[in-house]
Amino acid sequence: MASGVSRWLTATVARVAPATPHGRILLLDVPGWPGNRPGQHLDVRLTAEDGYQAERSYSIASSGDGETVELAVDELPDGEVSPYLVEDVQPGDQLEVRGPIGAYFVWRETQDEPVQLIAGGSGVVPLVAIARARLASGNRSPFRMLYSVRSPEDAFYAAELAAIDDPGFRVDWAYTRHAPEAWPHPLGRVTPESVARDTIPAADDPLVYVCGPTGFVEAVSHILVDLGHAPGRIKTERFGGA
Amino acid sequence: MVRMNPRTGLVDVGRLDGNAAAGVLSGLFRVDLTAAVVACRRCGERGPFAEVVAELDPEGLIVLCRGCRHTLLTYVHGPGGASLTLDGLGAIELPATE
């Protein structure tokens, strides 16, 4: 699975499926795709009729060999690319992709340490790829995921995550605006108290992957360091832009 | 530029990181820079390129040190060509390829 590939490949949309009220899962057929590791991303390039081009990075929810790539895209209202991917693009349509990209925010089956995944919003996408890879492998390292979303309906892959039935893999949820009935914890952004309660303690020296909007990642990283995690044990990936 | 997504309430502060910059720069460097360790000439901070501050727009990108916000590199491209300036980038250390 080569990395560092800079050429653009033509992708054909194979399937689209709604995922949240403002997000969609896309399956792309990409002839020539070399396969990818869990956690990697790709760049999507759209070209308008007048030649104007827009590029954005999207994390990949799938991993392994094969030429089919799964993306999950959250629509940003004033975006240039995401509204097209979420509202307009249909099976058979073509777009350009460059990738896979990323040699840092990846998980390898040979890692034998505890892993804590922390996602904000659609930042869960690369972490789903990592979770799937762990569950499909013989790797039995303890895994835990903390997923912060606005409300239950805003969660990507909610059913899949809820169905994880593995004694070594626990999923914790945090809700910022609306929670399921009888939710025992306060609503709102994650706090030092909630992170301490809902993640693997620093004493166990987990490798932590944090992905989400820039502000979320910065806040969580600071909390983790304050809780005693070594900065070198926290891998981050930020997104934002429209 | 600070924007809040009215539906998700998530704030986009307009700043990403080296992960997002890696694709654009892959055409120049021929390697995936994310796992490379970069050093800031000003404050001496060293760390993975994936963790640097990056600002991207249609014309190019600017990469800043996460420690002191000094500009590490600037890349601008357009119809007339492209330009790379290694402002404060002291070193790029590439890991052994797998």
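The values are calculated or read from the model by the stated rules, or taken from the named source; none is laboratory data. Nothing here was measured: the structure is a model prediction, and the numbers come from that model. Note that each Cβ is placed from the backbone with ideal geometry, even for glycine, and that neighbours are counted across all protein chains shown.
Yes/no matrix, rows are residues, columns are (1) at positive phi; (2) assigned to a strand (DSSP E or B); (3) of a type in the set (Val, Ile, Thr):
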{"site": "B:Cys43", "(1), (2), (3)": "no, no, no"}
{"site": "B:Leu61", "(1), (2), (3)": "no, yes, no"}
{"site": "B:Ile92", "(1), (2), (3)": "no, yes, yes"}
{"site": "B:Pro95", "(1), (2), (3)": "no, no, no"}
Note on A:Leu26: of the conditions (1) assigned to a strand (DSSP E or B); (2) within 14 Å of chain B (Cβ to nearest Cβ), unmet is (2)
Could you grab me the full set of residues in region A:173-217 that are within 19 Å of A:Gly232 (Cα to Cα) and of a type in the set (D, E, K, R)?
A:Asp204, A:Asp205
Tell me, yes or no, whether region A:198-215 has at least one residue that is assigned by TED's automatic domain parsing to the domain that holds A:Met145, touching a strand residue (DSSP E or B) at 6+ places or on another chain (Cβ under 6 Å) and surrounded by fewer than 18 Cβ atoms within 10 Å (Cβ to Cβ).
no
Kindly indicate whether any position in region A:77-97 is within 14 Å of chain B (Cβ to nearest Cβ) and part of a strand (DSSP E or B).
yes
Enumeration of residues in region A:218-240 that are buried (at least 23 other Cβ atoms within 10 Å of the Cβ) and at the interface with chain B (Cβ under 9 Å from one of its Cβ atoms):
A:Thr236, A:Glu237, A:Arg238, A:Phe239, A:Gly240
Name every residue in region A:49-67 that is within 12 Å of chain B (Cβ to nearest Cβ) and small (Gly, Ala, Ser), in order of residue number.
A:Gly51, A:Ala54, A:Ser57, A:Ser59
Conditions (1) touching a Lys or Arg at 6+ places or on another chain (Cβ under 8 Å); (2) more than 19 Å from A:Arg24 (Cβ to Cβ); (3) not charged (D, E, K, R) -> A:Val81 fails only (2)
Identify, from the list A:Ala103, A:Ala129, A:Ala119, the residue that is buried (at least 17 other Cβ atoms within 10 Å of the Cβ), in contact with a Phe, Trp or Tyr (Cβ under 7 Å, 6 or more places away or on another chain) and among the hydrophobic types (A, V, I, L, M, F, W, C).
A:Ala119
Being under 9 Å from the mean Cα position of the chain (by Cα), more than 13 Å from every other protein chain (Cβ to nearest Cβ) and either of a type in the set (Asp, Glu) or farther than 27 Å from A:Gly215 by Cα (or both) is the filter here; which residues of region B:44-98 pass it?
none
Scan region B:63-90 residue by residue and report those that are in a loop (DSSP other than H, G, I, E, B) and not small (Gly, Ala, Ser).
B:Cys65, B:Arg66, B:Cys68, B:Arg69, B:His70, B:Pro79, B:Leu86, B:Asp87
Of the residues that make up region B:24-43, is at least one at pLDDT below 85, touching a helix residue (DSSP H, G or I) at 6+ places or on another chain (Cβ under 7 Å) and either buried (at least 17 other Cβ atoms within 10 Å of the Cβ) or facing chain A (nearest Cβ under 9 Å) (or both)?
no
Residues of region A:27-44 satisfying the condition of being out of contact with any Lys or Arg (no Cβ under 8 Å at 6 or more places or on another chain) and either assigned by TED's automatic domain parsing to the domain that holds A:Arg132 or not acidic (Asp, Glu) (or both):
A:Leu28, A:Val30, A:Pro31, A:Gly32, A:Trp33, A:Pro34, A:Gly35, A:Asn36, A:Gly39, A:Gln40, A:His41
Looking only at region A:16-23, decide whether some residue is within 14 Å of chain B (Cβ to nearest Cβ) and within 12 Å of A:Val97 (Cα to Cα).
no
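Rundown of residues vs (1) assigned by TED's automatic domain parsing to the domain that holds A:Tyr58; (2) surrounded by fewer than 17 Cβ atoms within 10 Å (Cβ to Cβ); (3) out of contact with any helix residue (DSSP H, G or I) (no Cβ under 9 Å at 6 or more places or on another chain), yes/no style:
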position	(1), (2), (3)
A:Gly138	no, yes, yes
A:Phe143	no, no, no
A:Leu146	no, no, no
A:Asp166	no, yes, no
A:Ala182	no, yes, yes
Filtered residue count, region A:60-88, keeping only those that are closer than 19 Å to A:Arg98 by Cα, touching a Ser or Thr at 6+ places or on another chain (Cβ under 8 Å) and crowded, with 17+ Cβ neighbours inside 10 Å
6
